[in-house]
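Novice: Pasting in a structure now, in C-alpha cells, and then I'll have a few things to ask.
The values are calculated or read from the model by the stated rules, or taken from the named source; none is laboratory data. None of these values were measured; they are calculated from a predicted model. Virtual Cβ from ideal backbone geometry, glycine too; neighbours counted across all protein chains shown. Ligands, DNA and RNA are stripped out before the accessible areas are found, and what is left, the full protein with its side chains, is counted by its heavy atoms. Shrake-Rupley method; radii C 1.70, N 1.55, O 1.52, S 1.80 Å.
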Amino acid sequence: MGVRVAVIYYSATGNVHQLAQAVAEGAAARNADVRLRRVPELAPDSAIDANPAWRAHTDAIKNEVPEATHEDLEWATAYAFGTPTRFGNIAAQLKQFMDSTGGLWQAGVFHNKPATSFTSAMNRHGGQESTLLALNNVFYHWGSILVPPGYTDPLLFAAGGNPYGTSWPSGGGEGPDAATLEAARYQGRHLADIADRLRG
C-alpha cells in the first residue's frame, strides 16, 4: 500500500487554493496518491458577492475541486491542511470541518499519521505563524505527527523562510509567487517522504 495524501483546504479568493495545488503536486511527484479537496463554503452569497475575487474563485472551483468528506480522512495516510488567516486563526470553514471529526478522532483514525499546514494572509505579519500553530494544535489532539518544513532546504529561504509551513502575504491581492509555490511543492514532497518512511 503506497502513501495516500489528502490535501484539504479552504480558500476564499484563490491564494490558498494555489498553495494547495502546489502541495498536491509535490506529493504526487513522490508517487503518492493524492486527493485535493476543499471544505464547504459557509459564508452567505451576500458576503461572497460583495468581493468580486471571492465570487470569481467560488464559481471557478465549484465543479473543479470536490468537497472534502470524512472518507477522505479515513483513506489518507498523510494530511496537508491549508487556510487563510482569520484574525490570526483558522478560517471558520476549515475549523467547522475539523470540528466535525470527533468520531474519527475517537476511533483513532488520525493516530501516528503525518500532518502539515500552510496559509496565506494579506500582510507579512498578518497572523501566518499563529494560524499554522493553531492548525497544529488540532494535530496534537489527533495524535498525528507534525511535519513542518523547518529549514530543511535552501529554497525555503527564498519564500520567506517560514519553518512552520508555507505562507504567502497576498498584499494587494497578488497570488503566490514562484518561490512560494516551489516551497509549497517542497512541503508536499517532504510530507510524502516522511509518510513513506513511517510506513516502513
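Novice: Just from its helices, what would the mean residue ellipticity at 222 nm be for the chain, if runs of 4 or more DSSP H residues each count -39500 (n - 2.57) and the sum is divided by every residue, rounded to the nearest 500 deg cm²/dmol?
Specialist: Values: 9 runs with 88 residues, N = 200.
It comes out at -13000 deg cm²/dmol, rounded to the nearest 500.
Novice: How large, in percent, is the carbon and sulfur part of the accessible surface of the stretch 1-124 at a probe radius of 1.4 Å?
Specialist: Details: 2760 of 5530 Å².
C and S fraction of accessible area: 50 percent.
Novice: Let me know the whole percent of all Cα-Cα pairs from the chain that are separated by more than 31 Å. Provide the component values of the computation, followed by the final result.
Specialist: Values: 2155 of 19900 pairs.
So the portion of pairs separated by more than 31 Å is 11 percent.
Novice: Would you please classify the overall shape of the stretch 85-200 from the alpha carbon gyration tensor, given that a ≥ b ≥ c denote the square roots of the eigenvalues, rounded means a/c under 1.5, and beyond that prolate means a/b larger than b/c while oblate covers the rest? Could the numbers behind the result be given before it?
Specialist: Numbers: a/c = 2.52, a/b = 1.28, b/c = 1.98.
Oblate is the answer for the stretch 85-200, as a/c is 1.5 or above yet b/c matches or exceeds a/b.
Novice: With contacts defined as alpha carbon pairs under 8 Å and 6 or more residues apart, what's the relative contact order of the stretch 115-200 in percent? Don't skip to the end; give the middle numbers.
Specialist: Details: 108 pairs, mean separation 29.2, N = 86.
Once divided by the residue count of the stretch 115-200, the mean separation gives 34 percent.
Novice: Compute the accessible area per residue over the chain, keeping the other protein chains in place, probe 1.4 Å, unit Å².
Specialist: Numbers: 9050 Å² over 200 residues.
The answer is 45 Å² per residue.
Novice: Here is a further query. Using the per-residue mean of other Cβ atoms lying within 10 Å as a proxy for protection, in what order, highest first, do the peptides 134-147, 50-63 fall?
Specialist: On the way: 134-147: 17.6, 50-63: 13.5.
The densest-packed peptide leads the list: 134-147, 50-63.
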